[in-house]
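What follows is a single structure, written as structure tokens, with notes after it.
Read the figures in this text as sums done on the coordinates, not as results from a lab. In this text the structure is predicted, and so the values were computed from the model without any measurement. Don't worry about glycine lacking a Cβ; one is built from the backbone with ideal geometry, like all the others, and counts go over all protein chains shown.
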């Protein structure tokens, strides 16, 4: 897959790869797939390559422009929608929903513009995760699957508990440990003060949480 990632658009990284690997273990041919926080469109294109009918959503117009360019470059068909999380697809139903939302704890509320909007997610890192856990299950068809990737610093147990409360059967689809990137490294001292990481810890665990709506 060839990807154009202009300035201001979140580049495909370890979380993108981990979510894509989890996606590829699902049966997708002919299925309806929704990719939230699509960024450059990497996960959406992976689903389309497996025969899915894909809709991708992002709040950033710049990200959607990059995704559109990448779709042309890779000759994939994906419906792109601009808007806040699930708002552009309200009332629709999907067999699979993927999400790679911002999840890095930040000292302030999530910004409304700029590249930091791709990762800053409030003091606990759950500004968007909690909304996805609360609202996405209702858009799943019976037997539908939700895949959400996040860092362990943003509370994987909280995600699992929220999806279980929403009626999904919950498990862990994939895990990956990787060194902190520049953003996490810059905040490591603050994370230590808050007990989000152990003293001296400079790597994080990425986790894909999988929720299934009962048939």
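Computed from Cα atoms, the angle from the helix 14-24 axis to the main principal axis of the chain rounds to 30 degrees. Going by neighbour counts of Cβ atoms within 10 Å, the residues 97, 4 line up, fewest first, as 4, 97. Quick check on the chain: helices-only [θ] at 222 nm, where DSSP H runs of length 4 and up contribute -39,500 (n - 2.57) each and the sum goes over total residues. Nearest 500, please. Result for the chain: -8000 deg cm²/dmol, rounded to the nearest 500.
A prolate overall shape is assigned to the range 102-215, the ratio a/c of its alpha-carbon gyration tensor axes (a ≥ b ≥ c) being 1.5 or greater and a/b exceeding b/c. Just checking the listed ones, 33, 149, 89: in the Gaussian network model of the chain with Cα springs under 10 Å, the one fluctuating most is 89.
Taking label points 7 Å from Cα along the Cα-to-Cβ direction, residue 202 and residue 107 give a separation of 2.1 nm. Measuring r between the beta carbons of residue 75 and residue 123 and using R0 = 45 Å, the FRET efficiency lands at 0.60. Comparing 195, 14, 39 in a Gaussian network model of the chain (Cα springs below 10 Å), the most mobile by mean-square fluctuation is 195. Counting neighbouring beta carbons within 10 Å and listing from fewest to most, the residues 40, 106 come out as 106, 40. In a fully extended conformation the segment linking residue 131 and residue 192 would gain 19.3 nm over its present Cα-Cα distance, using 0.36 nm per residue.
Angle of helix 61-74 to the longest C-alpha principal axis of the chain, folded into 0 to 90 degrees and rounded to 10: 50°.
Among 21, 193, 203, the residue with the largest mean-square fluctuation in a Gaussian network model of the chain, with springs joining Cα atoms closer than 10 Å, is 193. Segment residue 90..residue 215, full-extension length gain: 42.9 nm, with 0.36 nm per residue of separation and the alpha-carbon distance subtracted.
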